[in-house]
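Since the structure comes first, as structure tokens, the remarks are kept for the end.
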Amino acid sequence: MAAPSKAEAIVKSRCPRCRQGKIFTHPAYNLRKFDSMYDDCPVCGLHYEVEVGLFYGAMYISYGFSVAIVVIVGVLLYNLAGDPPTWVYISTVAAVVVIAAPLLFRYSRVLMLHFFSGIDYNPSYNKL
């Protein structure tokens with residue numbers, strides 16, 4: 001069986017080393033536990049927080065996602081709703097960001113692990 005691609009591992013929130021182990025313990029729609037992560041990969045045993053404070057950097061990625069949402073929603077409202085009043089912009093952007101918050105949190109951490117943690121894919125940890 002071929003190893004999952006990096007993109008597939010990111011979309012499915014999988015370990016950057018083995019690309020099989022789950023990073024999060026519960027699905028994103030479980031709003032009480034959407035942020036619960038495994039300390040170590042259940043497949044290869046990689047400790048996810050490879051250095052103290054690694055996930056502080058994920059806040060910057062999440063901020064970037066939020067800025068992108070503000071721009072995209074703003075442009076869509078301007079073009080589709082004919083430049084509505086300011087309160088419409090603010091309330092729509094706020095609602096979209098609040099609804100997307102669990103995904104922003106999760107994918108900012110996943111991207112931090114895959115691109116900025118220094119962990120590389122190692123096929124010898126591939127158990128499937």
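Structure notes:
- Loop-exposed trypsin sites (Lys or Arg not before Pro) per DSSP, neighbour cap 13 Cβ within 10 angstrom, longest uninterrupted part of the chain: 34-126
- Distance from the alpha carbon centroid of segment 57-85 to that of segment 1-55 works out to 27 angstrom.
- Value in Å of the Kirkwood radius, where segment 13-125 supplies the Cα pairs that are averaged: 15.7
- Per-peptide average of other Cβ atoms within 10 Å, ordering 38-45, 110-117 highest first: 110-117, 38-45
- Angle in degrees between helix 58-80 and the longest Cα principal axis of the chain, rounded to the nearest 10: 40
- A Förster radius of 25 Å combined with the Cβ-Cβ distance from Val96 to Ser5 puts the calculated FRET efficiency at roughly 0.30.
Read-outs: derived from the displayed coordinates by stated rules, not from any lab. Just so it is clear, the structure is predicted and the values come from calculations on it, not from any experiment. With ideal geometry, Cβ positions are generated from the backbone for all residues, glycine too; neighbour counts draw on all protein chains shown.
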